[in-house]
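The structure appears below as structure tokens.
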Amino acid sequence: MCSMLIKEIDTATSATLSASVTIPTYPPSAQETAHKQFLYDYPTYATTHRLTELRRADYQRLDAHAQIYLDYTGGGLYAESQLTKHFDLLRNHVYGNPHSANPTSQAMTELVEGTRHYVRHYFNAGDDYVVIFTPNASGALKHVGESYPFQPGSRYLLTFDNHNSVNGIREFAQARGAEFIYLPLTRPELRIDRDKLVELLDTIDPAYPHLFAYPAQSNFSGVKHPLAYIELAHQKGWDVLLDAAAFVPTNRLDLQQVQPDFVSLSFYKMFGYPTGIGALLVHKRVLGKLHRPWFAGGTVNFASVHGRGHVLTPGEAGFEDGTVDYLNIPAVKIGLQHLESVGIETISERVRCLTGWLLDNLYALRHSNGHPMIRIYGPIHTGERGGTITLNFYGPDEKLLDYRRIEELANQQGISLRTGCFCNPGAGEMAEDLTPEEIRSIMADEPNLTMPRFLQMIQYRGHKSAGAIRVSVGLATNFADVYRFLHFAAGFRDQTNLNIGEVTFDIESCRVIRDGS
């Protein structure tokens, strides 16, 4: 199937990729033929027709603007119906700051608490968990880092493919005298080394608190790590922090089936809107372990200036600093109901089919001399992996093509993908086999090191990459989207960095810096 499709793409793509990179048009029959083969290879895709209807009804702006959105791990897309329901709610009622007993405040309090209850319902958390609203998943993770009782004798164990917001907790641990340890991944699939995990879990003093943190799904490789590791760690005396941000947009997390002590997530990654609201779910058995290092408006039952003391509000309110984003919080319930109306299993199956097709065909791409065009980081099959595919392009001379330039060329085709290290440096370092010595040497030579400069130096010194291209599919993705991306990718056959031109922008601290600006 793969070789036949690639041949069709070769036939349709008669012109080579130049510095301006225009992907030529191709006959509709080629896409139709590929679609028929896709349905034959992935027959369960037909069971997700509800999402095809939803794409036309709630996400038609994608086709109206000829946009190919392949950055769902970066952020989900909102449905038009979500906006309508939320704005109707705001138009037809009067709501005030919930920190009061007046009618508008009480009405708002009911909506905020109703949403909190619905979050517990959605994740089947029952009464076992409290739901703390935060600005995002990073805010949720910061709560854990600053409030967990790290001390000399404690350990913080985390995997190589954690997001930087999980990596950052190590600074709290280290400042309080605790030890932090990284759990390696296996290559080439970038999965947790279970034997090493068991070994590290066993080497603790049970008299001290210990925290194990890992992602349910890697935002770098798309690997789904076993949720069974939660109970394994519990049996050995550890508390568990589960980063669920990349997992819950397309998978069910049932907190009666698995019971991590802490769960972090961002709602915009699940359903696009609203941004600026995340959550930390804390199991009540460990809530008493957390000790906040400060207090703020809304988090105290009593505070005195003369008395120089305060009494922190119990439960989740003690962690919600200041006034919560009360007008947007009701949109969280609307978003969760939107996912429920479709069915998370339906979303998951659609993502599995489209991801499998992309993996099959990207892996099959070859230059005229037979050398692979693409290197995929992580599994090249759909077993225990999500809809995130991280890759790099290589020329026929086996040299890395600049991923920043490829993103720039994708932009010209209306394709939204993501490049860099995705705030997940450990997974990239493991995937490219970057050594501690290489990294420390560069850090020592460049005290004001930036990611672009690191990329330049690691490529010059070791012909390795420090970043990649990430393509991720989600709720509103259809076959036409992934087919167009494959055509774009096939256009790099026999191209080198000299052919595709130089990048005209750089990225520093998540800001795009363009030449001449």
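What the table below lists for this structure:
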{"item": "Condition met for L39 (surrounded by 13 or more Cβ atoms within 10 Å (Cβ to Cβ), under 25 Å from the mean Cα position of the chain (by Cα), part of a helix (DSSP H, G or I) and not assigned by TED's automatic domain parsing to the domain that holds V263)", "result": "no"}
{"item": "Tally of residues being closer than 16 Å to K224 by Cβ and not in a loop (DSSP other than H, G, I, E, B) across the range 241-269", "result": "5"}
{"item": "When residues of the range 270-308 are limited to those that are assigned to a loop (DSSP other than H, G, I, E, B) and aromatic (F, W, Y), the one surrounded by the fewest Cβ atoms within 10 Å (Cβ to Cβ)", "result": "W294"}
{"item": "Candidates I169, I181, I192 - the one that is closer than 24 Å to L359 by Cβ and modelled with pLDDT of 95 or more", "result": "I192"}
{"item": "Residues of the range 427-439 classified as among the polar types (S, T, N, Q) and either at pLDDT 70 or above or within 16 Å of L183 (Cβ to Cβ) (or both), total", "result": "0"}
{"item": "Spans of helices (runs of 4 or more DSSP H) in the range 145-239 with at least 3 residues touching a Gly at 6+ places or on another chain (Cβ under 8 Å) and either touching a residue at least 12 places away in the same chain (Cβ under 8 Å) or surrounded by fewer than 16 Cβ atoms within 10 Å (Cβ to Cβ) (or both)", "result": "169-175"}
{"item": "Count of residues meeting criterion [surrounded by 13 or more Cβ atoms within 10 Å (Cβ to Cβ) and either free of Cβ contacts under 8 Å to residues at least 40 places away in the same chain or among the basic types (K, R) (or both)] in the range 98-109", "result": "5"}
{"item": "Any hit, the range 415-426, residues being farther than 18 Å from L362 by Cα and either at pLDDT 95 or above or not assigned by TED's automatic domain parsing to the domain that holds Q67 (or both)", "result": "no"}
{"item": "Failed item, numbered, when H210 is tested on (1) at pLDDT 95 or above; (2) under 30 Å from H310 (Cβ atoms); (3) touching a Pro at 6+ places or on another chain (Cβ under 7 Å)", "result": "(3)"}
{"item": "So V332, is it in the same structural domain as A137 (by TED's automatic domain parsing) and part of a helix (DSSP H, G or I)", "result": "yes"}
{"item": "Verdict on R352 being of a type in the set (K, R), within 21 Å of the chain's Cα centre (by Cα) and in a helix (DSSP H, G or I)", "result": "yes"}
{"item": "Members of the range 309-338 found to be aliphatic (A, V, I, L, M) and crowded, with 19+ Cβ neighbours inside 10 Å, listed by number", "result": "V324, I329, A331, V332, I334, L336"}
{"item": "Criterion violated by V130 - all others in (1) of a type in the set (V, I, T); (2) outside the structural domain of P209 (by TED's automatic domain parsing); (3) not in a helix (DSSP H, G or I) satisfied", "result": "(2)"}
{"item": "Residue satisfying condition, being in a helix (DSSP H, G or I), out of contact with any Cys (no Cβ under 7 Å at 6 or more places or on another chain), at pLDDT 95 or above and of a type in the set (A, V, I, L, M, F, W, C), within set L339, L327", "result": "L339"}
{"item": "Every residue from the range 375-421 that is polar (S, T, N, Q) and in contact (Cβ under 8 Å) with a residue 24 or more places away in the chain", "result": "T382, T388, T390, N392, Q412, Q413, S416, T419"}
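The values are calculated or read from the model by the stated rules, or taken from the named source; none is laboratory data. All values derive from a computational prediction rather than experimental measurement. Neighbour counts are summed over all protein chains in view; Cβ atoms, including those assigned to glycine, are modelled from backbone coordinates with ideal geometry.
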